[in-house]
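What follows is a single structure, written as structure tokens, with notes after it.
The values are calculated or read from the model by the stated rules, or taken from the named source; none is laboratory data. It should be emphasised that the depicted structure is a prediction, and the values quoted were computed from it without experimental measurement. Glycine also receives a Cβ, built like all others from the backbone with ideal geometry; neighbour counts cover every protein chain displayed. We work out accessible area using only protein heavy atoms, side chains counted, and drop any ligands, DNA or RNA first. Shrake-Rupley method; radii C 1.70, N 1.55, O 1.52, S 1.80 Å.
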Amino acid sequence: MVRLHTINTLRCNRKDVDEGRLSLEATKVDVREESAFDREFLVHLLPTLEWPSLRDAARAVGVTLPDALDDALKTDEAFLRALHHILFDVHVVEGSLRCVESGQVFPISDGRPNMMLPEEVV
């Protein structure tokens, strides 16, 4: 199953794309039992998150995140636990990822995104 954290790291690799940011459309989501919270790991992960993409992906699964990740939130235990849950326990089973720049669509089926591109755009 593809987690929101994984979706946050994926990019469109078309040759005509600069950033490759993807937007999520989720049609089936599975919320798992909460995994073990590791505060140190999550705090280490925070600088690597592409926040606008994560915020938009969370909205696609019905979760509202703040517009920005400010310093106060980075030390708020309740927020960090909720963010951990969103990143690692919410699994997209069916849906698609769409490249914001090119419109290229990558289907998600059985929790696996198909990121294959036609040869002419690679």
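Pairs please, first residue from the range 23-51 and over 15 Å from ILE86 (Cβ atoms), second anywhere and hydrophobic (A, V, I, L, M, F, W, C) and open to solvent by 60 Å² or more (accessible area, probe 1.4 Å), Cβ atoms under 7 Å, 6+ apart in sequence or on different chains.
Partner pairs satisfying both residue conditions: SER23/VAL100.
Are any of the residues in the range 2-12 touching a residue at least 60 places away in the same chain (Cβ under 8 Å) and open to solvent by 80 Å² or more (accessible area, probe 1.4 Å)?
yes
Going by the structure shown, is LYS15 part of a strand (DSSP E or B) and more than 14 Å from the chain's Cα centre (by Cα)? Even if it seems obvious, please write down each step before you answer.
Details: part of a strand (DSSP E or B): no; more than 14 Å from the chain's Cα centre (by Cα): yes.
Criteria not met by LYS15.
Has the range 24-39 got any residue that is touching a Ser or Thr at 6+ places or on another chain (Cβ under 7 Å) and open to solvent by less than 90 Å² (accessible area, probe 1.4 Å)?
To start, the set of residues in the range 24-39 that are touching a Ser or Thr at 6+ places or on another chain (Cβ under 7 Å) comprises 25.
Narrowing the set further to residues that are open to solvent by less than 90 Å² (accessible area, probe 1.4 Å) leaves none.
No, there is no match, as no residue in the range 24-39 is touching a Ser or Thr at 6+ places or on another chain (Cβ under 7 Å) and open to solvent by less than 90 Å² (accessible area, probe 1.4 Å).
From the set of residues in the range 1-44 that are among the aliphatic types (A, V, I, L, M) and in contact with a His (Cβ under 8 Å, 6 or more places away or on another chain), which is nearest to PRO113 (Cα to Cα)?
Our first condition is that a residue be among the aliphatic types (A, V, I, L, M); within the range 1-44, this holds for 1-2, 4, 7, 10, 17, 22, 24, 26, 29, 31, 36, 42-43.
Add one more test, that the residue is in contact with a His (Cβ under 8 Å, 6 or more places away or on another chain), and what stays is 1-2, 29, 31, 42.
Working: MET1: 9, VAL2: 7, VAL29: 14, VAL31: 18, LEU42: 24 Å.
Out of the qualifying residues, it is VAL2.
With the checklist (1) open to solvent by less than 50 Å² (accessible area, probe 1.4 Å); (2) out of contact with any helix residue (DSSP H, G or I) (no Cβ under 8 Å at 6 or more places or on another chain) in hand, flag the one item PRO66 doesn't pass.
(2)
Take the range 87-116 and flag every residue that is free of Cβ contacts under 8 Å to residues at least 24 places away in the same chain and open to solvent by less than 40 Å² (accessible area, probe 1.4 Å). Lay out the reasoning, then the answer.
In the first step, residues of the range 87-116 are kept if they are free of Cβ contacts under 8 Å to residues at least 24 places away in the same chain; the result is 103, 105, 107, 109-110, 114, 116.
Within the range 87-116, GLY103 is the sole residue that qualifies.
Out of all the residues in the range 23-36, is one or more within 13 Å of the chain's Cα centre (by Cα), assigned to a helix (DSSP H, G or I), polar (S, T, N, Q) and closer than 13 Å to ASN8 by Cα? Steps first, please.
Our first condition is that a residue be within 13 Å of the chain's Cα centre (by Cα); within the range 23-36, this holds for 23-26, 29.
The next check asks that each one be assigned to a helix (DSSP H, G or I); those that pass are none.
So far as the range 23-36 goes, no, none of its residues is within 13 Å of the chain's Cα centre (by Cα), assigned to a helix (DSSP H, G or I), polar (S, T, N, Q) and closer than 13 Å to ASN8 by Cα.
Which of the residues that make up the range 50-95 are within 24 Å of SER109 (Cα to Cα) and not in a helix (DSSP H, G or I)?
Passing the criteria: GLU50, VAL61, GLY62, VAL63, VAL90, HIS91, VAL92, VAL93, GLU94, GLY95.
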